[in-house]
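Everything on this sheet refers to the single structure shown next.
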Amino acid sequence: SAIADGANVNMLRDHYNGLLSRVIEGWEDHHFLCQPSDEELAQQRRTRPSPQINRSQILAILRRLLDAGAHPDLHSPEQPPAIVDAALAGEPAVAALLLDYGADATIVSSWDDGPGTWPGAWEYAYIDGLQMPWKEFRRAGAREVYYELIKRGSSPLYEQTDEDDDRRDAWLPPEQRTWQPDSE
């Protein structure tokens, strides 16, 4: 109803991120709170959210905001754009939606980053997805975010032949891809 009443979906408050990023961050927090056992929640003095929100509901919220004119790259100088939040959360469906609405994955979002800095979306998707075995809880999602990025555009990080190999892999079913998680 706020959108119907003319709410500005592109308003930034000082030191806060755009609305799309806040939805993604809230979803990540909500999803995190739904994962622990009841005992772990009790130890942390937290409660499980009710009702639980699923991924399709979050995608519908994001799509509604984007359709209402939310800019996918809007971010404050202190915060990353929504595509970076999707990569950090390991949410390929969210990344794909943002890319479909024109998000720019090559934005270097930190004001103090210098030349040669990797854009956040690419960096987090690649590092968390393909290089960090201790982040197994997010590894598959981050890897799929990387594949969503490489399917849609050129990476600012790699040589063309590596990029072409990754792009071919991205279109294959996961079990047929060259890169596979380490077996334990």
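The values are calculated or read from the model by the stated rules, or taken from the named source; none is laboratory data. Just so we're clear, the structure is a prediction, and the values are computed from it rather than from any experiment. Every residue, glycine as well, gets a Cβ built from its backbone with ideal geometry; the counts of neighbours run over all protein chains shown.
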Taking the stretch 4-21 as the search range and keeping residues that are in contact with an Asp or Glu (Cβ under 9 Å, 6 or more places away or on another chain) and modelled with pLDDT of 75 or more, which one is surrounded by the most Cβ atoms within 10 Å (Cβ to Cβ)? LEU20
Picked from the stretch 80-107 (must be part of a loop (DSSP other than H, G, I, E, B) and over 14 Å from ARG152 (Cα atoms)), the residue farthest from the chain's Cα centre (by Cα) is ILE107
Considering every residue within the stretch 35-46, establish whether at least one is under 20 Å from GLU91 (Cβ atoms) and modelled with pLDDT of 80 or more. no
